[in-house]
1. Can you list the equivalent-ellipsoid semi-axes of the range 94-149, largest first and in whole Å, using the square root of 5 times each Cα gyration tensor eigenvalue?
2. Could you tell me how far the Cα centroid of the range 31-79 sits from the Cα centroid of the range 141-165, in Å?
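Quick note: the coordinates plus some simple rules give every number you see, no bench work behind them. In this text, all values refer to a predicted model and were calculated from it rather than measured experimentally.
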Amino acid sequence: MKTVPNSLRILRLALASALIASLYVAAPAAAQTQELIVYLIDHQFVSDTEMATIQDEIGAIFHAQAGVDIRWVLDDSPRRQLGNNELRFLILASDGTRWFHGPSNVIGLAPHDDSGVGRNCFVFYRQALWFRQQAVLRCREATRARTQALSAGVAVDPSIDDLAPAECGEYLPSLTPMVVARAAAHEMVHILLNKLDHSEGSLMRKSFDIKEWLEGDQVSFRLLPEEITALQDLLTPVATTPAR
Ligand SMILES: [Zn+2]
């Protein structure tokens, strides 16, 4: 696979705390179920719990939202060009340094191949770990400030809410696999829709902000109605695996 840097569709982690307005609208119920086959190659050896979280979250995006059923094939992949309803999803143990020749804030990417439409999406597990660690530090700092204010009998500085909401600790245990899942789903949509650009809101925005992950808001990690419709159109009727 030839990788052309300019054709990389990548998802970056944003450190800015600006909130992104959500454009999500509940999708109409899908009339039928389409199938997407995902060959998941796990180079990180994630735990069964993390794997379940990853698959559940991607399933929530594709199945619950778009009616697209995912058939997971673990640690196996056919040695042929994949069809329209097939993808490879590789969890890499690295931080992507080798891809970008130095540190970056990229967590996932979906390179074009020679045909113009790649079928592989990559997620860098170490980037997800780093992302979670930044969230932990923010949550700890905010929690400490709230505790100090409480013991001193003074009001909590409003800027603390911008750092992390009071319930931030709830989302930290599952954050690493959730970052992997949502980054993967983002790249999968790039591939499936051959979508090179990003949306203003939704899962397909250009970058994810750490604060968003501490608020437990699923809406900003879901697809827009037009993205759902495009996926359904693409995968209907159920395509059989082409023999090539
Ligand atoms: Zn992207």
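1. Numbers: eigenvalues 255, 25, 11 Å².
Square roots of five times the eigenvalues give 36, 11, 7 Å.
2. 40 Å
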